[in-house]
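Below: the structure, in structure tokens.
The values are calculated or read from the model by the stated rules, or taken from the named source; none is laboratory data. Since the structure is predicted, the reported quantities are computational estimates derived from the model, not experimental observations. Glycine gets a Cβ as well: all are built from the backbone with ideal geometry, and neighbour counts include every protein chain shown. We work out accessible area using only protein heavy atoms, side chains counted, and drop any ligands, DNA or RNA first. Shrake-Rupley method; radii C 1.70, N 1.55, O 1.52, S 1.80 Å.
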Amino acid sequence: MNITFFSGRLKSSRKLKHFTQLDLAQRLEVSKGTVSAYEQGLSYPSLETLIKICETLDTSADYLLGLTDKLPFKMGGLTEEQTESILQFVSIIEKANEKLN
């Protein structure tokens, strides 16, 4: 697992849920600094915390860990065309991030 890849997907997943770092930290029962460290690529969550992250953000560990590119979010109310646009945008961002690293 590439921690930079994980950190980017965690941050994107959090923002898609409209959570601040503090919101997520409270739900995970960790400090805001801990969430910040995950998103900056300074540390990994424990397995227990990773499970809580997946449950809280309604996503899969496979997605966060880069084992799949399939976005597991429930995007209720969006048309298939809107969902495809979001997936294309995420793909563009991920490719740009890879070039930066």
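Run down the lysines and flag those whose C-alpha is under 17 Å from the C-alpha of Lys32, throwing out any fewer than 8 positions away in its chain.
Straight-line reach from Lys32, under 17 Å: Lys11, Lys15, Lys17, Lys52.
So, counting K/R as plus one and D/E as minus one, what does the shell of residues with Cβ under 15 Å around Ile53 add up to?
+1
Measuring from label point to label point, each 7 Å out along Cα→Cβ, what is the Leu47 to His18 span in nm?
Roughly 3.6 nm, to one decimal.
Quick one: compute the contact order of the chain, relative version, from alpha carbon pairs under 8 angstrom and 6+ residues apart, as a percent.
26
Which longest run of the chain has no exposed loop site in it, a site being trypsin sites (Lys or Arg not before Pro) in a DSSP loop with at most 10 other beta carbons within 10 Å, and the site itself not part of the run?
1-69
Would you check the accessible area of Glu55, probe 1.4 Å, heavy atoms only, in square angstrom rounded to 10?
For Glu55, the solvent-accessible surface is approximately 130 Å².
Please list Ser46, Ser7 from largest to smallest accessible area, probe radius 1.4 Å, with all protein chains kept in place.
Ser46, Ser7
Quick check on the chain: take the gyration tensor over C-alpha atoms, sort the square-rooted eigenvalues as a ≥ b ≥ c, and tell me if it's rounded (a/c under 1.5), prolate or oblate.
It is oblate, given that a/c is not under 1.5 and a/b is not larger than b/c.
Would you mind working out the accessible area per residue for the chain, using a 1.4 Å probe, and quoting it in Å²?
Per residue, the chain has 64 Å² of solvent-accessible surface.
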